[in-house]
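Q: Before anything else, here's the structure in question.
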Amino acid sequence: MTSFWENESIIWSEGVKQMDLVIKDDSGGQGHAHRRVDHENYFPTRVRMTMVQVAAGSTYDPELLPSKPKMVP
């Protein structure tokens, strides 16, 4: 993942322990959804997301995902 955002600052040998999701908006929040005048309609927000890294030249196989993802509070 040599073109990953902030690639040079990640210590890959320690693994990726956290990925943050930034909710952006282009309808009045200067690019940030939490700055909208009606932000109370959108926050707090709960999102369940699964990210899969596929090596260059490999093929994504959805069968490799667990049937029930672990929920993190």
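Q: Residues that are out of contact with any Phe, Trp or Tyr (no Cβ under 9 Å at 6 or more places or on another chain), aliphatic (A, V, I, L, M) and not in a loop (DSSP other than H, G, I, E, B): does region 43-66 have at least one?
A: Yes, that holds for at least one residue.
Q: If I filter region 38-59 down to residues being hydroxyl-bearing (Ser, Thr, Tyr) and farther than 27 Å from Asp25 by Cβ, which single residue comes out as surrounded by the most Cβ atoms within 10 Å (Cβ to Cβ)?
A: Ser58
Q: Can you name the residue in region 34-51 that is hydrophobic (A, V, I, L, M, F, W, C) and at pLDDT 80 or above and is also farthest from Phe4 (Cα to Cα) among such residues?
A: Step by step, filter region 34-51, then rank; the result is Val37.
Q: Find all pairs meeting these conditions: Cβ atoms under 6 angstrom apart; at least six residues apart or on different chains; first residue within region 34-59 and of a type in the set (Lys, Arg); second residue assigned to a loop (DSSP other than H, G, I, E, B) and surrounded by 10 or more Cβ atoms within 10 Å (Cβ to Cβ).
A: Listed pairs, sorted by first residue: Arg35/Gly29; Arg36/Gly28; Arg36/Gly29.
Q: Continuing with this model, one more query. Which ones in region 52-73 are farther than 20 Å from Ser3 by Cβ and at pLDDT 80 or above?
A: Asp61, Pro62, Glu63
The values are calculated or read from the model by the stated rules, or taken from the named source; none is laboratory data. Only a predicted model underlies this, so the values are computations on that prediction, with no experimental measurement involved. All Cβ positions, glycine included, derive from the backbone under ideal geometry; neighbour counts span all protein chains shown.
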